[in-house]
Amino acid sequence: MKGIIDSTLREGAQSPGIAFTATDKLAIVGLLDRLGIEEIELGIATPHDPALTDLFTACRKQKIRARLALWCRCLKSDIHHAATLRPDILSLSIPSSDIHLKERLRKDARWAMRVTSEAIGQARALGIRQISVGMEDATRADPTLLKQMCRTALEAGAVRVRLADTVGIASPQSMQNLVREIRAVCPLEIAVHTHNDFGMATANSIAALEAGASWADATILGLGERAGTSRLEELAGYLSLASGTREYQTRLLRPLCKLVARAVERPINPQHPLIGRDIFTCESGLHLQGLTRNPATYEPYDPKLVGSCRRLLIGSKTGKRALSDKLSDLGYSLDKQTIDKTLPLIRQHAMTAGRSLSDQEISDLVTPSAAMTGSTSPQGA
């Protein structure tokens, strides 16, 4: 695989109610580059967005290492404007399904192939050498037409085709099948753009990469139209920490996501994969026992790898072993009888409070029990 294409400033910016400031955009690009993301879409090529020119200029001044990409309609005016910005790669978009070609645009397959060829030719004539062609709604396209359009892109000089699951209907298996079908007839690099309408976007992206796709689109926090797209933090985390196929700077995922969350005024779920506040917080007895003996029993990777830390809590679900370990950490040396008497007090207090207990609350509950049995109090008490 080649890597991840971040589309936060293009697809993500299309989310309702979102408007990134120039400062936000540059900060996001800077963190994405430090994270190690290989390609970043800076926006949509249109003469009506002068801020895009400023963003390109600022990125070049900062010596961004990632490829700077533009998304572009197959319109002569947009392609001409894109050429003035000198993107490292231009992503042209063309519909590939009947519902888009015939019902939305009132066009046919012949038109789609002609426009694709002409758009690539115009971009190349204007000096753009790296051209990707995005096949909109590829997962609902007629397979024969989709293959013809990919071959047209190849013959016209494109370097990549991007298969879009525009309405998020694909499954990992169907996405793999599609990638393999296109690979069999077209030697171009393949990218995928997956939507999350059924919660499958990240899984579909990973499946596509495993089937031989070179690139996968993603956005920070999965921002995008409707239910959003593949989440960059999940995709980068999986590729680095689970499959080991990439080496992204995963400690930067949290600050990157927090930056975007603040910019779009959306909270991060405490259990959000890889970046959530509580994903390494545990209270249940069985898990606490395993974590204290070997963290790998219930953790897929070291919390430090994503800039987090482990928190083991005492509450209504705590067992004897976990309580004993916690009390030892607090400096107590209690016998089994005292532990047996203390545990119901701990659980009841936590249930009444509706939360886990602080160290002070635990000590307050333990001390009377310790006094009754003559067990040892915390050292120095």
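Which count do you get for residues in segment 204-246 that are in contact with an Asp or Glu (Cβ under 9 Å, 6 or more places away or on another chain), assigned to a loop (DSSP other than H, G, I, E, B) and small (Gly, Ala, Ser)?
Residues in segment 204-246 being in contact with an Asp or Glu (Cβ under 9 Å, 6 or more places away or on another chain), assigned to a loop (DSSP other than H, G, I, E, B) and small (Gly, Ala, Ser): 7 in total.
With (1) in contact with a helix residue (DSSP H, G or I) (Cβ under 8 Å, 6 or more places away or on another chain); (2) surrounded by fewer than 24 Cβ atoms within 10 Å (Cβ to Cβ); (3) hydrophobic (A, V, I, L, M, F, W, C) as the list, and Met135 as the residue in question, which single condition is left unmet?
So Met135 meets the others, but not (2).
Given the criterion among the β-branched types (Val, Ile, Thr), under 26 Å from Leu92 (Cβ atoms), out of contact with any Phe, Trp or Tyr (no Cβ under 9 Å at 6 or more places or on another chain) and crowded, with 17+ Cβ neighbours inside 10 Å, identify the matching residue among Thr194, Thr202.
Being among the β-branched types (Val, Ile, Thr), under 26 Å from Leu92 (Cβ atoms), out of contact with any Phe, Trp or Tyr (no Cβ under 9 Å at 6 or more places or on another chain) and crowded, with 17+ Cβ neighbours inside 10 Å holds for just one of Thr194, Thr202, which is Thr194.
Please specify each residue of segment 89-115 satisfying the condition of being among the polar types (S, T, N, Q) and in contact with a strand residue (DSSP E or B) (Cβ under 7 Å, 6 or more places away or on another chain).
Ser91, Ser93, Ser96
Check off (1) out of contact with any Asp or Glu (no Cβ under 6 Å at 6 or more places or on another chain); (2) farther than 23 Å from Glu38 by Cα; (3) part of a helix (DSSP H, G or I); (4) in contact (Cβ under 8 Å) with a residue 24 or more places away in the chain for Ala83 and give me the number that stays unchecked.
Unmet condition: (2).
Among the residues of segment 269-290, which ones are touching a Lys or Arg at 6+ places or on another chain (Cβ under 7 Å) and of a type outside the set (Phe, Trp, Tyr)?
Across segment 269-290, the qualifying residues are Pro270, Ile275, Thr281, Glu283, Ser284, Gly285, Gln289.
Can you go through Gly290, Gly331, Gly276 and tell me which one is in contact with a helix residue (DSSP H, G or I) (Cβ under 6 Å, 6 or more places away or on another chain) and surrounded by fewer than 19 Cβ atoms within 10 Å (Cβ to Cβ)?
After applying the criteria, what remains is Gly290.
Polar (S, T, N, Q), surrounded by 22 or more Cβ atoms within 10 Å (Cβ to Cβ), more than 27 Å from Ala158 (Cα to Cα) and modelled with pLDDT of 95 or more: is that true of Thr250 in this structure?
Criteria met by Thr250.
Name, by its number, the condition in (1) surrounded by 17 or more Cβ atoms within 10 Å (Cβ to Cβ); (2) in contact with a helix residue (DSSP H, G or I) (Cβ under 8 Å, 6 or more places away or on another chain) that does not hold for Val115.
Just one mismatch for Val115, condition (2).
Is it the case that segment 297-312 has a residue that's outside the structural domain of Ala218 (by TED's automatic domain parsing), over 25 Å from the mean Cα position of the chain (by Cα) and in contact (Cβ under 8 Å) with a residue 12 or more places away in the chain?
Yes: one or more hits.
The values are calculated or read from the model by the stated rules, or taken from the named source; none is laboratory data. Here the structure is a predicted model, which means the values were calculated and not measured. Methodologically, a virtual Cβ is constructed for each residue, glycine included, from the backbone with ideal geometry; neighbour enumeration extends over all protein chains shown.
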